[in-house]
1. In the range 113-166, which residue that is in a loop (DSSP other than H, G, I, E, B) and among the hydrophobic types (A, V, I, L, M, F, W, C) is farthest from Ser92 (Cα to Cα)?
2. Looking at the range 352-460, what strands (runs of 3 or more DSSP E) fall wholly within it and have at least 3 residues that are over 30 Å from Ser307 (Cβ atoms)?
3. State whether the residues of the range 17-40 include one that is in a loop (DSSP other than H, G, I, E, B), of a type outside the set (S, T, N, Q) and in the same structural domain as Leu133 (by TED's automatic domain parsing).
4. Pairs, please: C-beta under 8 Å, at least 6 apart or cross-chain, first residue in contact (Cβ under 8 Å) with a residue 12 or more places away in the chain and in the range 190-206, second part of a helix (DSSP H, G or I) and aromatic (Phe, Trp, Tyr)?
5. Would you check if Gly239 is at pLDDT 90 or above and either over 30 Å from Arg458 (Cα atoms) or more than 15 Å from the chain's Cα centre (by Cα) (or both)?
6. For the range 57-76, which positions are in a loop (DSSP other than H, G, I, E, B), crowded, with 18+ Cβ neighbours inside 10 Å and at pLDDT 95 or above?
7. Quick check on the range 201-216: of everything there that is closer than 21 Å to Leu184 by Cβ and not aliphatic (A, V, I, L, M), which residue is surrounded by the most Cβ atoms within 10 Å (Cβ to Cβ)?
Amino acid sequence: MNAGTFGIIAPHPPIFVPAVGGSEAQVAHASLEALARARDALRAFDPHTVVIMSPHAPAAADVFLVDGSAVFSGTLSQFRDTTPYAWPGDPSFADALLGHLAKESIPALRRSAEPRLRAGWLDHATIVPLSFLDPDQGRRLVILSLSYLPLSVHRDLGRAVRATADEIGGRVAFIASGDCSHRLTPDAPAGYSPRGAEFDAWLCDTVRDGYLAELPAVDPILDEEAGECGLRSFIALGGFAGDDPVATRLLAYEGPWGVGYLTALVGDSALAADGEPWTGELSGRKGGMAGTSESEIVQLARRTIESYVREHRMEEPATLAGAEYPARAGAFVSLHRGGDLRGCIGTIAPTSDTLAEEVVHNAIEAATRDPRFPPLTEPELADLDIGVDVLHAPESCSVADLDPEHFGVIVSNGWRRGLLLPDLEGVDDVATQVSIAMRKGGIAPTENCEIERFKVDRYT
């Protein structure tokens, strides 16, 4: 029986792990929240076996390695975390998969066939995502290593995993571990390439749109310039997921520390376990889209972004004629594509002489300098969804005075400050609103903080 398709694209930076990164991990709060959401979906799906493909597991150039050890163990000691990690294995699924690969003439070998390949050893790109996705360490694993065979053969490998799961009739989840470009900024670990952001934008678009069969057709020069380590894992997951378009939900993308981190759910069962089945269409949100009736302030933000992205020039002069707009105010510009956040930057209090200039500045920042995303590219302008929130002056309050539907919140502890806008999807109670705002400000849950609330005028 086919139990449906469940897959996860998961990043693997050790700095995410609290014992390694400490409070610095909160810089990537969007990814951490996305991994928690993926964890809950995995629990709801409750797979019999988890197949994980790791780009840092011992590998061979011309053959896939399949590790079906009875027990897997390892640590992150190379990153100063000696915590022991261990998961049970699923040797029977590994045997069945190897048999299917042999039948399909896909080069594969048991990892245990060669002692130097350290069967049963967990690499960091396996430990990190699993520490978030299966913190109880109870899922039975099969670990796949990538190879340097053609990209299309990695898709064939994913198809073989799917066929094996269908033959056995169990609930199998596929986790594709991998990071995106390692070259997003001048201080990135692999050096800087302007094409790193271009690669990540293409990858996010392809995953978001559910056309994973297009991944093997990547421009090889673009791939080389990006310095990524996840593409082969993502391609294998695409083979596991089946024919395009595949049901997908992009949960987060951000690029702190010069490396891109993508978290996504893939497959009909994954989206259903997340609480909302796939309709076969891109989800929508409140906000303006090009070609619809937009407010004057959103039109200004759109013109600004289009001019800057296409021609690298600012919209000038910036004016707003509507009498409803204040002369000066803080403002947030939010960008979405396909229902997923693509950038959001704003100011709590006015920093410019006019509201129009505030919006122009923040629109450019949201499109090009949100640290969670690569700069917006010209092809993305066609379906860009823009919203502008104009902030009223904040007022001191207590937790009892908050209402996440009607008021935004600002939490402060010294120089650290976190803000969350009102009426956001998934933020339905005060505790969630305050918790997210504190994480955004790098404020620990045990620390005291001052609270302010504010209203916004939301324009679409």
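The values are calculated or read from the model by the stated rules, or taken from the named source; none is laboratory data. What you are looking at is a predicted structure, and each value in this text was computed from that prediction instead of being measured. Quick reminder, even Gly has a Cβ in these numbers, built from the backbone with ideal geometry, and neighbours come from all protein chains shown.
1. Applying the filter and picking the extreme gives Leu149.
2. Counting at least 3 such residues, we get 408-413, 416-420, 450-454.
3. yes
4. Leu203/Phe234
5. Answer is yes for this residue.
6. Scanning the range 57-76 gives Ala57, Gly68, Ser69.
7. The qualifying residue surrounded by the most Cβ atoms within 10 Å (Cβ to Cβ) is Cys204.
Yes/no per residue for (1) assigned by TED's automatic domain parsing to the domain that holds Arg171; (2) within 27 Å of the chain's Cα centre (by Cα); (3) surrounded by 14 or more Cβ atoms within 10 Å (Cβ to Cβ):
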position: Ala44; (1), (2), (3): yes, yes, yes
position: Gln78; (1), (2), (3): yes, yes, no
position: Leu117; (1), (2), (3): yes, no, yes
position: Ser131; (1), (2), (3): yes, yes, yes
